[in-house]
Amino acid sequence: MMKTLIKINNISVDYDMNEETLGAINNVSLDINENEFICILGPSGCGKSTLLKAIAGFITPNQGNILMNDIQITGPDKSRGVVFQEPNLFPWYNSKQNISIGPKLAKKPKSEIDAICDKYLSQVELMEYKDSKVFELSGGQKQRVAIARTLANNPEVILMDEPFGALDSFTRKKMQIMIRNLWKKNNSTIFFVTHDIDEALLLGTKIYVMQRAENSIIASYDIDYTTKLYANPKELVFEEERFIKLKEEILSLLEE
Ligand SMILES: Nc1ncnc2c1ncn2[C@@H]1O[C@H](COP(=O)(O)OP(=O)(O)OP(=O)(O)O)[C@@H](O)[C@H]1O
Ligand SMILES: [Mg+2]
């Protein structure tokens with residue numbers, strides 16, 4: 001039996017806009033189970049980031065609730081790590097210092113902090129950039145530091161909001177392979193927001209499709225071909241029949 005980490009129970013989030021209220025998400029329910037790689041796919045404005053912020057605990061739903069390990073989420077917590085589109089690193093710190101922030105706050109001993117930093121620097125393939133200042137890093141490298149910084153807190157679930165959206169397509173592809181391998185290696189649970197259908201189909205073990213007209217989830221898919229796709233981590237196989245079928249199906253849903 002899969003363990004459910006997070007239960008989202010019929011939530012809605014409204015924003016106050018001058019005189020009116022805007023329903024940013026309406027009646028959304030879903031479970032995040034341990035070891036899932038959930039992709040939330042939908043067009044701009046459909047409410048993806050709002051949903052992620054509610055799970056992170058940055059905003060409180062106007063209706064419904066979100067439980068983590070049966071306890072209602074009422075604010076941010078380090079058990080839920082967040083990675084945004086922009087890396088938001090401390091510019092005057094080097095890579096290692098940025099990654100060590102969480103472990104330092106947790107008052108871990110220095111030897112353990114060093115071990116944690118080395119582990120995740122190596123996982124994001126940045127060992128030789130350990131002492132590089134943020135301004136010396138490329139966009140993709142900065143985002144890898146941001147991912148390592150989140151992993152260093154050992155969160156139970158990692159929430160990612162279009163983490164590769166600012167990267168060129170070549171770097172993006174490499175990052176997709178990296179994050180999928182990290183997920184597998186660390187037995188992570190990932191909740192990943194994207195508007196890129198190929199990205200969702202390549203990464204997810206489960207895809208939820210959100211629609212702009214309803215600001216809600218309109219379909220969900222269990223993805224069963226990914227193990228095969230990632231058998232060779234250097235190669236992403238696009239020709240898979242099921243991949244193409246699903247892509248057509250989801251595209252037609254979003255066109256309506
Ligand atoms: N703080 C806010 N105040 C008012 N309205 C907001 C706020 N944040 C988001 N909205 C509105 O809520 C709706 C959903 O926004 P959200 O950011 O969740 O969409 P999204 O799916 O993440 O879009 P994108 O792909 O462009 O990031 C949009 O209409 C947006 O304008
Ligand atoms: Mg967004």
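The values are calculated or read from the model by the stated rules, or taken from the named source; none is laboratory data. Because the structure is predicted, anything quoted here is derived from the model rather than measured. Ideal geometry is used to build each Cβ from the backbone, glycine not excepted, and the neighbour counts take in all protein chains shown.
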**OP:** Check ILE32, ILE101, ILE66 and return the single one that is more than 16 Å from ligand 2 (Cβ to nearest atom), out of contact with any strand residue (DSSP E or B) (no Cβ under 8 Å at 6 or more places or on another chain) and not charged (D, E, K, R).
**Re:** ILE101
Original post:
Across the stretch 33-48, what is the total count of residues that are part of a loop (DSSP other than H, G, I, E, B), within 7 Å of ligand 1 (Cβ to nearest atom) and buried (at least 16 other Cβ atoms within 10 Å of the Cβ)?
Top reply: 3
**OP:** Pick out the one residue from LEU5, LEU22, LEU51 that is within 16 Å of ligand 2 (Cβ to nearest atom), crowded, with 20+ Cβ neighbours inside 10 Å and within 22 Å of TYR208 (Cβ to Cβ).
**Re:** LEU51
Subject >> Yes/no for GLU156 being buried (at least 16 other Cβ atoms within 10 Å of the Cβ), in contact (Cβ under 8 Å) with a residue 12 or more places away in the chain, within 16 Å of ligand 2 (Cβ to nearest atom) and of a type in the set (D, E, K, R) >> reply: no
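Among the residues of the stretch 1-19, write down those that are more than 11 Å from ligand 1 (Cβ to nearest atom) and either assigned to a strand (DSSP E or B) or free of Cβ contacts under 8 Å to residues at least 24 places away in the same chain (or both).
Of everything in the stretch 1-19, those that are more than 11 Å from ligand 1 (Cβ to nearest atom) and either assigned to a strand (DSSP E or B) or free of Cβ contacts under 8 Å to residues at least 24 places away in the same chain (or both) turn out to be MET1, THR4, LEU5, ILE6, LYS7, ILE8, ASN9, ASN10, ILE11, SER12, GLU19.
Looking for whichever is part of a strand (DSSP E or B), within 16 Å of ligand 1 (Cβ to nearest atom) and at pLDDT 95 or above here; the options are LEU67, LEU22, LEU30. Which one fits?
On the way: LEU67 fails: within 16 Å of ligand 1 (Cβ to nearest atom); LEU22 fails: at pLDDT 95 or above.
Every option except LEU30 fails the conditions.
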Original post:
Restricting to strands (runs of 3 or more DSSP E) lying wholly in the stretch 133-211: which have 2 or more residues that are charged (D, E, K, R), within 22 Å of ALA24 (Cα to Cα) and touching a helix residue (DSSP H, G or I) at 6+ places or on another chain (Cβ under 9 Å)?
Top reply: none
Subject >> Hits in the stretch 91-109 (condition: assigned to a loop (DSSP other than H, G, I, E, B), at pLDDT 95 or above and closer than 18 Å to VAL134 by Cβ) >> reply: TYR93
Subject >> Conditions (1) surrounded by 14 or more Cβ atoms within 10 Å (Cβ to Cβ); (2) β-branched (Val, Ile, Thr); (3) over 18 Å from the mean Cα position of the chain (by Cα); number of the one not met by VAL83 >> reply: (3)
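Return yes or no: is PRO61 part of a loop (DSSP other than H, G, I, E, B) and crowded, with 19+ Cβ neighbours inside 10 Å? Working first, answer last.
On the way: part of a loop (DSSP other than H, G, I, E, B): yes; crowded, with 19+ Cβ neighbours inside 10 Å: yes.
The answer is yes for PRO61.
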